[in-house]
1. Identify, please: which residue in region 72-93 is touching a helix residue (DSSP H, G or I) at 6+ places or on another chain (Cβ under 6 Å) and part of a loop (DSSP other than H, G, I, E, B) and is, among those, farthest from residue 112 (Cα to Cα)?
2. For region 413-440, which residues satisfy the criterion of being outside any helix (DSSP H, G or I), in contact (Cβ under 8 Å) with a residue 40 or more places away in the chain and away from ligand 4 (no atom under 16 Å from the Cβ)?
3. Pairs needed: first member in region 251-266, within 17 Å of residue 193 (Cβ to Cβ) and more than 6 Å from ligand 1 (Cβ to nearest atom); second member anywhere, in a helix (DSSP H, G or I) and at pLDDT 95 or above; C-beta distance under 6 Å; at least 6 residues apart or different chains.
4. For region 378-395: of the residues being touching a helix residue (DSSP H, G or I) at 6+ places or on another chain (Cβ under 8 Å) and in a helix (DSSP H, G or I), which is farthest from ligand 4 (Cβ to nearest atom)?
5. Do we find a residue being in contact with a strand residue (DSSP E or B) (Cβ under 6 Å, 6 or more places away or on another chain) and within 25 Å of residue 164 (Cβ to Cβ) anywhere in region 255-263?
6. Output the number of residues of region 174-186 satisfying the condition of being in contact with a helix residue (DSSP H, G or I) (Cβ under 8 Å, 6 or more places away or on another chain) and more than 10 Å from ligand 3 (Cβ to nearest atom).
7. If I ask for residues that are within 17 Å of residue 247 (Cβ to Cβ), in contact with a helix residue (DSSP H, G or I) (Cβ under 7 Å, 6 or more places away or on another chain) and away from ligand 1 (no atom under 16 Å from the Cβ), which ones from region 187-226 would you list?
8. Give me the pairs: first residue in region 546-564 and at positive phi, second residue in a helix (DSSP H, G or I) and at pLDDT 95 or above, beta-carbon distance under 6 Å, and six or more apart or on different chains, which are they?
Ligand code: DGT
Ligand code: CA
Ligand code: CA
Ligand code: ZN
C-alpha cells in the first residue's frame, strides 16, 4: 500500500465518521491527515522504519498507529468494521451533487433513507422539501442529480472505449483463424459516449476465437461465454461483446451490430418494401422472417447490402437516422467526409504560459513531429485567473516569444509555424481584451467560461462575441463536460445564426470530455454556411492526438474537408483569418 492509498482510506474514514455523527474535530483530523500524506515527499514505509511518523504535523498517536497498520499489513480492521456498519446506500447518496455527509445523515436519521431509490421516492412524495434546511430547491436538485447519475453511470467516454478496444482489435486481426474483423456498435459509429464495446469476427473456428478473446490482457472478468459469442469486463468496468460468425454472414452481421437501432429499423423497412427480409444473418428473398441460405441475396460487403436496398453506401458515423436516408434518396450525402489526416494543425491550444504543461519549444517540436503545418498558441486571458490567464503585458511578451520560436524554426529550415493568439474570455458586458490587442493576434478564440443560469443572457453574450470583428471563432459552445457537467443554457441555433451572419467560425472542441459543439448541430450550421474548426484545446503534448477524435465527431456531423477551416494550408488559412477583419473595416 502506498501513501495515496492510505490517504484515500483516511479520508474515507473521515466521511464514514461524519455519516455516523462523530464530532467534527475527529472527522476533520482524518481529512487533514489525508491531505498531509498526499503532500509528503518521503515514502511512508521509510518514515515508519525510522520511527519518524510523529514528526509529521497534525498526525497524533492514534493516526500514526493506523497508518503503520495500513502500511505494514495492508489492512485496517477499524476501517473495515466502520465500513461494514454503514449502509452502502449512504455512500452512494454522497455521489449526488449537493448531498454531503451531514445531509445524508439527517436523511437517514429523520426519514430512514438508506438507498438512492428510497431517496428518490421521498423526493417524489415531497418529503425532502419540508425538512428543515432542505427546501424545494434542494429537493429538485437531488432529483436532477439522481437522474443524471442513472443516465451516465453505465456510459463511458469515447476515448476510454477506444483505448480499451484498439489493442483487442489489433490482437484479433493477428489471429490466423480470423478472416475479417471490425468493431461495431456505437464505437464504430463514433458516438461521443459508449455503453459497451462490440466486436465482430468472421472465422471457421469460433471456439478458438472465443478462447483467444477471453484471455486477452486487460480483461478483468468474463460475464458470458458461449460457442459463438462472449462478453467480458475491461478495465474501468467497460463491457465488451464479441460475436463470431461465418464469413458469408459477416457483412449482414456488421451492418446489424453497427446499428444504430433506429437506423436498422429504417433499413429493415426498406427491405420489406422490396419484398425482402433483412436481419443479422442476411438479406433474404422472403416475406417472412427466415435464415434460409437458399433465399439469400448474396452480398460480400456492406456496400452491396446498401446497393440491394437502392441506397448509396452510408458511412457508419452517419447511421443514426438523423437525415441520412432522405439525403441518400436525393443523392445528397456528403461525397467524402473529412479525415483526420486532412487536418493541418489546431487553432486553440494552451502552453505553460497559462494552464498548459509544455513550453513553446516543446509544443513546436511535438506537433512538427506529427506533421502539422501550424499550431496556434491561445492561452487564457486575464479573467481566467484560476487558469493563470495572461494580462495584456504578458500576452505581448508571449507574442515576442512566439515570434522568436518561429524565427528559429525558419532558420533551421522547418515548415511548421506557431500562430499567436488568445482564448479570450467572454465576460458579461464585453470581451476580456480590447480590440486593439485582439487585432495584434493571429488567432482569437472567444469562450464563455463563467456562464450564468439565464439562457437569453448567455446567448446574448455569445452573439456579441461573434459580432466582434476580431473574434475568429467561438470555443466550446456549451461548456458541457460529457458524463460530468451539463451544458450551460444557451440557444445554440441563435448563436449559429449569428456566426453565419458575421462569418464567425465555430469550434469542434476535440477534448473527449467536450466534443462541443455537439455533432447533432453541425448539419444545421453547415447549411447556414458556418465553418468548423477542429481544435485540440491541448493542455499537454499528448492532447495533440485529440485531432483524430475530433475528426471522427466532425464526420458524424456530416462535415467534409471544405467545411473545416484547419484543413487549409498555412497561406490560405492566413487569408481566411484576415477575411472577417477586412470585410468589417469597409
Ligand atoms: P451502446 O452500446 O449503448 O453505446 O450502443 P450500441 O449502439 O453499441 O448498442 P448495443 O451494444 O446494445 O448493440 C449494438 C447494435 O446492435 C445496435 O446499435 C443495433 C443492434 N441491436 C442490438 N439490439 C437490437 C434490437 O433490439 N433491435 C435492433 N434493430 N437492433 C439491435
Ligand atoms: Ca455497444
Ligand atoms: Ca453490445
Ligand atoms: Zn476554454
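The values are calculated or read from the model by the stated rules, or taken from the named source; none is laboratory data. What you see is a predicted model; the values in this text were computed from it and never measured. Because the Cβ atoms are built from the backbone with ideal geometry, glycine has one as well, and the counts that use them run over all protein chains shown.
1. Top of the filtered list is 76.
2. Hits for region 413-440 are 414, 415, 416, 417, 418, 419, 420, 440.
3. Cβ pairs passing all conditions: 258/188; 258/316.
4. 392
5. The answer is yes; a qualifying residue exists.
6. Residues meeting the conditions: 8.
7. Scanning region 187-226 gives 202, 203.
8. Every condition considered, the pairs that remain are 558/523.
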